[in-house]
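Take a look at the structure below.
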Amino acid sequence: MRKRLLIGAVITDCHIDFQKEILRGIISQAFKSSCDVAVIAPLHNFFSDSPHKNAEKAIFDLILSDRFAGFLYDRNSFYRPEIRDYIESLLKRSGKPVMLLDCNDHKSFETTSVDDTSAFEAITDHLIDVHGKKHIFCLTGPRNAHISESRLEGWKASMKKHSLSCDRSMYEYGDFWHNAADDLAKRIISGKMQRPEAIVCGNDVMAIRLTDAFMAAGIRVPEDIAVTGYDSSEEGLRSEPSITSYSRPNFQLGAEAFRRLYRIITGKICSRVPNENGGIRLGRSCGCCVTPTVRPGSARADKVNTGFENELLYGDMLFDITNVQDIPTFADRLDNYTFLLYKMSRLCICLTNKFIESTHSDTASVLNFRYGDEMTEIMAKSTVMRENAAKEPFSSNDLLPVFNTERSFPSAYYISPLHYNDNFFGYAGISFGKEPLSFRSIYLQWINYVNVALEHVRLKMLMNNTIAVTNRALIYDEHTGLLNRSGIEKEFALLNSHNAPDTQIDIITIELSGIKKAYYQSGEEKCRKLIRTFAETISASASNDEICGLWGDSTFCIITRSRDRAEHFSNSLFSRVKSMKLSGSDSSAGDFSVGVFSFTAGSGAQASDAVYKSTVNRIYTYVTSENTSSPQFEKLCMLRSRIMKNPERPWKISEIADSLYLSKSYLQKTYKAYFNYSIIEEMILFRIEKAKKLLLQTDRTVTDIARDCGYSSYNYFVRQFRSCEGCSPSDYRRNTGKDTDNEC
């Protein structure tokens, strides 16, 4: 089956009549041309600024998906200039063809527009010719917006044609929303502005707002002031009085914009969908005694949605989907409330793997989203039944798993962000099947409930996992993963109380006598590594029903109910330690001893007493190195520790030899045999290590640091530092946080 073109539509306010008609035209034409549509549909228009709304900006990163063949972009639906600039930068980066809707000539993108000038002229003509209005005020949209300026030009053309005044005091720019209408109404009601005979508004939203304000103040519409709108919204049709408006051909705008983009992409001309031309829709707000009729099917849809809105507002959805402990249960609960989405054909909820990982560990302060992030589909639902969600994670480059499936028909999906404040969770995709519909305003509240629930689920899972990790940390050693002393005592008490009386229990202890020597020879980090190696070896020697743990820093403990287990365990441990092949400075770390103590369940024995008696009752000793028999080894370990702590002191071989009652030659030979470096070599290394710490952790001069590290000559210090580190002290400090081995 051939791969369909996927066209992206970047638009917001998809629930508003004006936008719904444009989208209906786009999707209708796309289906006729056998193309898929993905509408990148944030839930807000970014008119105001808040962390919650700004987080939605991340959804626009999907523009960079290479699945898209081109884009339709409704620039006017995004109010803030910085949001428009961000979207347009992504569209340019995508390298795909872009078709703007209702916009002036753009230096980078093509544009498709509707003639608002003649339409706005016609509605102004109606007020003059039919109702005899002469003093007509115009409230248009935002300044410099193409649709605002073209509507203003239509009003001016009508006024000039009828030789009526249209100077600057007779019109003003608005916002296509409530604020401009409220401000104008206040000035007229208060008398600060001369009351006009009629007001033509740039859209129905402002006309409804003005009418309501006038009626509340006792100004009759249309008797005192006639008001008209634009866009012919259903909200204006149902208002009281009904708004006289103009049915703009938004459907045809969307369809024609798609046809032009399709031709740019393919070089072919696609068949048109039937035209739906606009015209004046008479209401009562202008003075006409006309009651407009509702579009067939709209009344029933409104009635159904009103019921759904009440169900959403007063029902249990938010409580139900929030009161869960994990993601699968959340998806199951949410499945019960998809019926609230009128005419929904398919719905999928996709979460970022970052979100899923954050439920186990709070590794990031903010959950962000970037193009190409891995996603997981947690729920897929058709109209009447739950579907199997995609089993494998998918890249956000693919947008939705459904776009990778073979279908005999095209699909259109609205992709909207899921987030809470500045944490981005993923996105939802909703389709209305073969009908070119858009979601209604109830979907915004439905998604908000989903967002709140996802944040609750995330925090609950994180808290539960944190408690589990905390509980584990209380009884397990963090370095070896074995039970710690508290864990051993807990298991000891359970065995002591849950076994039948007179049941013999043995405690086998393994003391690593060589670990102390390994600490002086190789340092703490190497010592911990050796203990972890022994932990793995001892665990492998123990059977599955035996309890294994770390009682102290270098004492392991095995609790078993098997009689005479100590001998078999020791033999197994001996053979495994031999295979570790410890050599050189690590060889003495393999020295250990095995002890055992037996007691009976119910005898009241305490874990600490049993372990102590086991260590005293030593039955086997294992020695891997002859070095441990040297009487000088402990002395040299202590000497090395003193040099490491105070490398700046003027250490002299002769004085050290005298203090240890050794000859200079024997001292140097024995020291190097044990530690692989001479005393002078180690003193230099320790001095350079101290200098490195001071360079990175203080702002002292290099000269002062050289003196603190035991160097009387600055130049000699720099030469030794460069010899050890490959760069000067100043370069080392300057490259803090970088790969100094490569850059110095």
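The values are calculated or read from the model by the stated rules, or taken from the named source; none is laboratory data. It should be emphasised that the depicted structure is a prediction, and the values quoted were computed from it without experimental measurement. Quick reminder, even Gly has a Cβ in these numbers, built from the backbone with ideal geometry, and neighbours come from all protein chains shown. Only protein heavy atoms, including side chains, enter the accessible area calculation; ligands, DNA and RNA are left aside. Shrake-Rupley method; radii C 1.70, N 1.55, O 1.52, S 1.80 Å.
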Rounded, prolate or oblate: which fits the stretch 1-68 when a ≥ b ≥ c are the square roots of the eigenvalues of the alpha-carbon gyration tensor, with rounded for a/c under 1.5 and prolate only if a/b beats b/c? oblate
Sorting D704, D422 by accessible area (1.4 Å probe), largest first, what list results? D422, D704
In terms of the charge dipole of the chain, which places +1 on Lys and Arg and -1 on Asp and Glu at the beta carbon, the residue among Y677, T509, H568 farthest towards the positive end is Y677
Rounded, prolate or oblate (a/c below 1.5 giving rounded, otherwise prolate when a/b exceeds b/c) for the stretch 157-201 by Cα gyration tensor: oblate
Which sequence of T124, T383 reflects their accessible areas, 1.4 Å probe, from the largest down? T383, T124
Acute angle (nearest 10 degrees) that the helix 565-579 long axis makes with the longest principal axis of the chain, alpha-carbon atoms: 80 degrees
Heads up, I need the accessible area for S713: 1.4 angstrom probe, whole protein in place, Å², nearest 10. 50 Å²
How much accessible area does S712 have with a 1.4 Å probe, in Å² rounded to the nearest 10? 130 Å²
7 Å from Cα along Cα→Cβ at both F319 and R370: what's the point-to-point distance in nm? 4.3 nm
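Skip the ligands, DNA and RNA, and give the accessible area per residue of the stretch 368-467 with a 1.4 Å probe, whole Å². Numbers along the way, then the final one.
Values: 4060 Å² over 100 residues.
I get 41 Å² per residue for this part.
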In what sequence, largest accessible area first, do V221, V384 appear using a 1.4 Å probe? V384, V221
Determine how many Å³ per residue the convex hull of the Cα atoms of the stretch 308-401 encloses. 123 Å³
Here the net charge surrounding S118, from other residues whose Cβ is less than 13 Å away from its Cβ (Lys, Arg +1; Asp, Glu -1), is -1
When the chain is fully extended, how far beyond the present Cα-Cα distance does R238 get from N465, taking 0.36 nm per residue of separation? 76.5 nm
Tell me the carbon and sulfur percent of the accessible area for the chain, rounded to whole percent, probe radius 1.4 Å. 48 percent
Return the whole-Å distance between the Cα centroid of the stretch 531-579 and the Cα centroid of the stretch 207-255. 85 Å
Determine by what factor the alpha-carbon radius of gyration of the stretch 182-333 differs from 2.2 N^0.38 Å, reporting the quotient. 1.49
Could you work out the longest stretch of the chain that avoids the GluC sites (Glu not before Pro) located in DSSP loops with at most 12 other Cβ atoms within 10 Å? 1-222
Would you calculate the separation in nanometres between label points at I265 and D699, each defined as 7 Å from the Cα along the Cα-to-beta-carbon direction? 5.8 nm
Specify the inter-centroid distance of the stretch 382-398 and the stretch 257-291, based on alpha-carbon positions, in whole Å. 35 Å
At a threshold of 8 angstrom on Cα-Cα distance, excluding pairs fewer than six apart, so keeping six or more, what relative contact order does the chain reach in percent? 10 percent
Under a straight-distance cross-link criterion of Cα-Cα below 17 Å, which lysines are reachable from K92, leaving out those fewer than 8 residues away in the same chain? K57, K107
Out of (1) 244; (2) 178; (3) 271, which label holds the value of volume of the Cα convex hull per residue in Å³ that was computed here? (3)
Need one number: nm distance between label points at Y714 and S382, each 7 Å from Cα along Cα→Cβ, rounded to one decimal. 8.2 nm
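Test of understanding: what is the full-extension gain from N144 to N735, defined as 0.36 nm times their sequence separation minus their Cα-Cα distance? Kindly include the intermediate steps, with their values, before the conclusion.
On the way: separation 591, 0.36 × 591 = 212.76 nm, distance 5.11 nm.
Here the answer is 207.6 nm.
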Farthest positive-ward along the stretch 17-65 dipole, Cα basis, beta-carbon charges - from H44, I63, I26: I26
Quick one: putting +1 on the C-beta of Lys and Arg, -1 on the C-beta of Asp and Glu, what dipole do you get for the chain around its Cα centre, in Debye to the nearest 20? 1520 debye
Which of L340, F355, G283 sits closest to the plus end of the dipole of the stretch 226-374, meaning its Cα is farthest towards the positive end, when Lys and Arg get +1 and Asp and Glu get -1 on the C-beta? G283
Most to least packed among 97-104, 213-220 [average Cβ atoms within 10 Å]: 97-104, 213-220
With an 8 Å cut-off on Cα pairs and a minimum separation of 6 or more residues, tell me the relative contact order of the stretch 146-246 in percent. 22 percent
Using Cα atoms only, what is the angle between the long axis of helix 204-216 and the major principal axis of the chain, expressed in degrees (0 to 90) to the nearest 10? 70 degrees
Which lysines, if any, have their Cα less than 29 Å from the Cα of K186, not counting same-chain residues under 8 positions apart? K133, K134, K156, K160
Assign unit charges at the C-beta atoms only (+1 for Lys and Arg, -1 for Asp and Glu), then state the dipole size of the stretch 10-123 relative to its Cα centre in Debye, rounded to the nearest 20. 440 debye
Between the Cα axis of helix 679-697 and the main Cα principal axis of the chain, the angle (0 to 90°, nearest 10) is 20 degrees
Solvent-accessible area of H456 with every protein chain in place, 1.4 Å probe, in Å² to the nearest 10: 80 Å²
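Pairs K53/K354; K645/K672; K490/K526: which exceed 23 Å Cα-Cα?
K490/K526, as the Cα separations exceed 23 Å there.
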Rounded, prolate or oblate, given the Cα gyration tensor of the stretch 70-142, with a/c below 1.5 counting as rounded? prolate
